[in-house]
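Okay, structure first, notes after.
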Amino acid sequence: MKKTVLIFCTFFIFNFQFSIFNCNAQEVTTIDSVQVKLHSPKKATCLALIPGAGQIYNKKYWKLPIVYGGMGASGFLIYYFADQTITYRKEYVKRVNEEPEDTWNPEFTDQTIETILQNRNYYRRNMEISVAACFIVYMLSILDACVDAHFYYYDISDNLSWAIKPKLDFNPVVKTITPSLALVLKF
């Protein structure tokens, strides 16, 4: 497991090393002799490598509790399930090595060796799922920062609307009028 995480982290660092050096490249335009810095999606993505920094750059402060809550909750679950996995693994090793019963954990004296093994596997599986959840929350925060940066200047005017209205259709084959609903889009 540690080897897989190490390989992934190495790949992740090498994958983004070239884009990090170009994060400071921000377009500057001149409007009426005033220089205006444009919002850079590349900079937002690079800043998003630090959890929450991309959301701050995009001025979407309301998303910070979601990012930190998701990472904090999954981080807590990783810690909890790892602790339980270690506890059950130690107890399982004691029982397999046939150590005396007075060295056993008093909480597990009524459990069989099969139950302890099942519990260890259960907590290990949940720990691995929590690691995946933490990674998914991290990747989604990066993706969110990138998408928000691309839509930073997207204009949603009042002229855009849609409505569902009743409509009467004439069927020339049967020569009848059929009531229906129509989706009307206004640009």
Report task. Would you mind putting 52-60, 128-136 in packing order, based on average other-beta-carbon counts within 10 Å, highest first? Result -> 52-60, 128-136
**Report entry** Full-stretch length increase - Lys186, Ala163 - with 0.36 nm per residue and alpha-carbon distance subtracted
**Finding:** 7.4 nm
Report summary line: Cross-link reach from Lys42 to lysines, straight Cα distance under 29 Å and at least 8 residues apart if same chain, gives Lys59, Lys60, Lys63
Report summary line: The rounded separation in angstrom of the Cα centers of the stretch 118-187 and the stretch 75-116 is 46
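Show me 41-48, 79-86 ranked by packing, highest mean number of other Cβ atoms within 10 Å first. Write down the numbers at each step before the final one.
Numbers: 41-48: 21.2, 79-86: 15.8.
Ranking, from highest mean packing down: 41-48, 79-86.
Throughout, read-outs are computed from the coordinates displayed, never taken from laboratory work. Remember, it's a predicted structure, so these values are computed and weren't measured experimentally. So basically every Cβ, Gly included, is an ideal-geometry build from the backbone, and we count neighbours across all protein chains shown.
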